[in-house]
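The values are calculated or read from the model by the stated rules, or taken from the named source; none is laboratory data. This is a predicted model, so every value here is computed, not measured. Heads up, the Cβs are rebuilt from the backbone with ideal geometry, glycines too, and the neighbour counts pull from every protein chain shown.
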Amino acid sequence: MAKNHHHSPAQRICGHVGMHVFHYTGRKGQAEENRYAANSLCPECAGVIRVWFEQSEPGFYKVDLPKLVSRSPNLISWGNRVRIAQLRKLGPVMKRMASESESDPLAALTLQVLTMMFKIDSASFWVDVDKHTYGTYTLGWDLEALIRGRETPTNPLGKASVFGYWVARNERVANDAIEAAALLKPILKEYRRGLVAAEVAAST
């Protein structure tokens, strides 16, 4: 059976329409590809997140870190090292998001996910972050899941997923986050970035 390959605009989870590269075979493959596109961020939003990570200036963001828990002292030590390293990396991003969150719904959602991350007290989670890394792609997957309110088969979450952790461990925290994100979703849909910012994000 021939494999289809083409570029087409698609409605995304952020509410924006963005180009998507479709690869599929048959109707079932096409349906799965359509669901994947519909449950993912548009290229502009994904690009903006990458720009934030790459261009954030050095800074400090105050976070109250809970004491890590594990039956293994070695895992606690490992988890603490990873968490501190992540805070040094993500602190400047969170500081920037905090300054932009009132006017930019994507910044508010990003700050929400990262704040949830540093509330996690499981040493095993932080070890998974070390093993599987937590970067712009993982953050994007967490944002997509938070906006839609669930994980989907076409857009699975990894072991280092913040949203996935809270869904599995504390549904109340996850549901509170989903409700907060639901308030931002219509604002994100209508949000329009400046031309320069949009062009920079689209080119990344």
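Given the residues 41, 114, which is the only one that is outside any helix (DSSP H, G or I), modelled with pLDDT of 85 or more and within 19 Å of residue 157 (Cβ to Cβ)?
41
List the pairs whose first member sits in the range 165-177 and is within 20 Å of residue 105 (Cβ to Cβ), whose second member is at pLDDT below 95 and outside any helix (DSSP H, G or I), and whose Cβ atoms are under 9 Å apart, counting only residues at least 6 apart or on separate chains?
Listed by first residue and then by second, the contacts come to 174/149; 175/149.
Could you pull out the residue among 177, 198 that is at pLDDT below 90 and among the small types (Gly, Ala, Ser)?
Just a single option satisfies the conditions, and that option is 198.
Can you find even one residue in the range 120-139 that is of a type outside the set (Gly, Ala, Ser), surrounded by 16 or more Cβ atoms within 10 Å (Cβ to Cβ), over 24 Å from residue 62 (Cβ atoms) and under 15 Å from the mean Cα position of the chain (by Cα)?
no
Regarding the range 55-74, can at least one residue be identified that is part of a helix (DSSP H, G or I) and either among the aliphatic types (A, V, I, L, M) or under 13 Å from residue 114 (Cβ atoms) (or both)?
Among the residues of the range 55-74, not one is part of a helix (DSSP H, G or I) and either among the aliphatic types (A, V, I, L, M) or under 13 Å from residue 114 (Cβ atoms) (or both), which makes the answer no.
Restricting the range 1-38 to residues that are at pLDDT below 85, outside any strand (DSSP E or B) and among the small types (Gly, Ala, Ser), which is nearest to residue 185 (Cα to Cα)?
It comes out as 38.
Checking the condition in contact with a helix residue (DSSP H, G or I) (Cβ under 6 Å, 6 or more places away or on another chain) and not in a loop (DSSP other than H, G, I, E, B), which residue from 183, 146, 157 passes?
146
Taking the range 128-174, which residues are at pLDDT 90 or above and of a type in the set (Lys, Arg)?
If the condition is that a residue be at pLDDT 90 or above and of a type in the set (Lys, Arg), then 131, 148, 169, 172 are the ones that fit.
Could you list, in sequence order, all residues of the range 71-106 that are under 15 Å from the mean Cα position of the chain (by Cα) and at pLDDT 95 or above?
Selection gives 105, 106.
Of all residues in the range 86-107, count the ones that are of a type outside the set (D, E, K, R), within 27 Å of residue 124 (Cβ to Cβ) and either without any contact (Cβ under 8 Å) to a residue 12 or more places away in the chain or in a loop (DSSP other than H, G, I, E, B) (or both).
Residues that pass the stated criteria total 0.
Which pairs do you get when a residue that is more than 18 Å from residue 33 (Cα to Cα), found in the range 127-155, comes within reach of a residue that is of a type in the set (Lys, Arg) and surrounded by fewer than 15 Cβ atoms within 10 Å (Cβ to Cβ), reach meaning Cβ atoms under 7 angstrom, with the pair 6+ apart or on two chains?
Close Cβ pairs (under 7 Å, with a partner that is of a type in the set (Lys, Arg) and surrounded by fewer than 15 Cβ atoms within 10 Å (Cβ to Cβ)) amount to 128/159; 132/159.
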